[in-house]
1. Size of the dipole of the chain about the Cα centre, Lys and Arg at +1 and Asp and Glu at -1 on the beta carbon, nothing else charged, in debye to 20?
2. Calculated from the structure, Cα extents along the principal axes in Å equals which of (i) 37, 31, 17; (ii) 77, 29, 12; (iii) 43, 39, 16?
3. Per DSSP H run of at least 4 residues, take -39500 (n - 2.57); add these up for the chain, divide by its residues and hand me the 222 nm value, nearest 500 deg cm²/dmol.
4. Give the total of Lys-Lys pairs in the chain with Cα-Cα distances below 22 Å; include a pair only if its members are 8 or more places apart or on different chains.
5. Around Gln26, what is the net charge, scoring Lys/Arg as +1 and Asp/Glu as -1 over all other residues with Cβ under 11 Å from its Cβ?
6. If each residue of separation counts as 0.36 nm, what is the full-extension length gain between Asn10 and Glu24 once their alpha-carbon separation is subtracted?
7. Report the gain in length on full extension from Asp58 to Leu33: 0.36 nm times residue separation, minus Cα-Cα distance, nm rounded to one decimal.
Amino acid sequence: MKTIKDEILNEKAKGNVVINCNGELQVHDIEKLVNQPVGGLLYDLNRDEATILTWIDDPKWINDYACAMVIRYLMNKLNYKNV
């Protein structure tokens, strides 16, 4: 029986990333996912700041928010280099 873990690792080997969107798994080419504006990337990962702040009662939001800040910083830095 194939598990979710197996599916995710199999897709990773193909260069894809699996996202949980409202309980439904979606497979995306990682390069296409990353080659979009940072706001769209964070939204697709369900890690945009507005969404994260809706989980304010769960301390997990702190690290999620930090991840969003780091991703935004790195994407902006990469975009600046490509100008």
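1. 380
2. This structure yields the entry labelled (iii).
3. That comes out to -16500 deg cm²/dmol.
4. Working: Lys2/Lys12; Lys2/Lys14; Lys5/Lys14; Lys5/Lys60; Lys12/Lys32; Lys14/Lys32; Lys32/Lys77; Lys32/Lys81.
Close lysine pairs found across the chain: 8.
5. Working: positive: none; negative: Glu11, Glu24, Asp44.
So the environment of Gln26 carries a net charge of -3.
6. That pair, Asn10 and Glu24, stretches by 3.3 nm at full extension.
7. On the way: separation 25, 0.36 × 25 = 9.00 nm, distance 2.73 nm.
The span from Asp58 to Leu33 would gain 6.3 nm if fully extended.
No lab work stands behind these numbers, since they all come straight from the coordinates. If you're wondering where the values come from, they're calculated on a predicted model, not measured in any experiment. Virtual Cβ from ideal backbone geometry, glycine too; neighbours counted across all protein chains shown.
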